[in-house]
Amino acid sequence: MSKKILFALALSLFSAGLFADVGLGFSGGVDAGTEFDIPLGITAAYDGSPWVFLAEYKPKNRGGGLYADNWMFYENVTNSLNYYVLWGVSASFSTKEEVKISAGSRAGFGLNFFFPKSRALELFAQAVWNPEIGVKHDNDDRISGNWKFFQKIANFPCEGGVRLWIR
């Protein structure tokens, strides 16, 4: 019975992907603020949905993050150039000097450019304010189990990348 349900779920997800406009790509950027890093990530967007998703690896902090942004305003500047204002949520972790797990909100703006003829290739750049709160544990103090709360108010990631649209 469970194999039939899994097969039906996989088939429905696959067939929905065949008929949807999906943008998949890579991103990179700079995390400016209290913890500087140069993250690398993968991004996904679906035409008709205001949500854009990003998963990043942060090599300097030995961590990563998951982000979901909602493009609440999306307007054309020219036929190929658009600007947007976004809000979103984030979850991240780091294991460099201490284990950190955090969640936060995001607010920012960005530009995206589609190559005019086929609109199959998109370039984007955005700047975001991403305050976070979380817990951290000192890697040298593994025995006591002493977790502490922290906040990261000055967190300003600037991201850019490319998405290939499958239409």
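The values are calculated or read from the model by the stated rules, or taken from the named source; none is laboratory data. No experiment lies behind these values; they were computed from the predicted model shown. With ideal geometry, Cβ positions are generated from the backbone for all residues, glycine too; neighbour counts draw on all protein chains shown. Accessible surface is based on the protein model in full, side chains and every heavy atom, while ligands, DNA and RNA are left aside. Shrake-Rupley method; radii C 1.70, N 1.55, O 1.52, S 1.80 Å.
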Go through the range 17-40 residue by residue and tally those that are at pLDDT below 90 and open to solvent by 60 Å² or more (accessible area, probe 1.4 Å).
-> 4
Checking P157 against (1) open to solvent by 50 Å² or more (accessible area, probe 1.4 Å); (2) in contact with an Asp or Glu (Cβ under 9 Å, 6 or more places away or on another chain), the condition it does not meet = (1)
Selection status of R163, under 19 Å from V22 (Cβ atoms) and either open to solvent by 70 Å² or more (accessible area, probe 1.4 Å) or not in a strand (DSSP E or B) (or both) = no
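Here is a yes/no grid of residues against (1) in a strand (DSSP E or B); (2) open to solvent by less than 50 Å² (accessible area, probe 1.4 Å); (3) more than 16 Å from W71 (Cα to Cα); (4) of a type in the set (S, T, Y):
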| site | (1), (2), (3), (4) |
| --- | --- |
| S90 | yes, yes, no, yes |
| S105 | yes, no, no, yes |
| L111 | yes, no, no, no |
| E122 | yes, yes, no, no |
| Q126 | yes, yes, no, no |
| Q151 | yes, no, yes, no |
Note down all Cβ pairs under 8 Å where the first residue falls in the range 61-85 and is open to solvent by less than 90 Å² (accessible area, probe 1.4 Å), the second is of a type in the set (F, W, Y) and not in a strand (DSSP E or B), and they're at least six residues apart or on different chains.
-> S80/F115
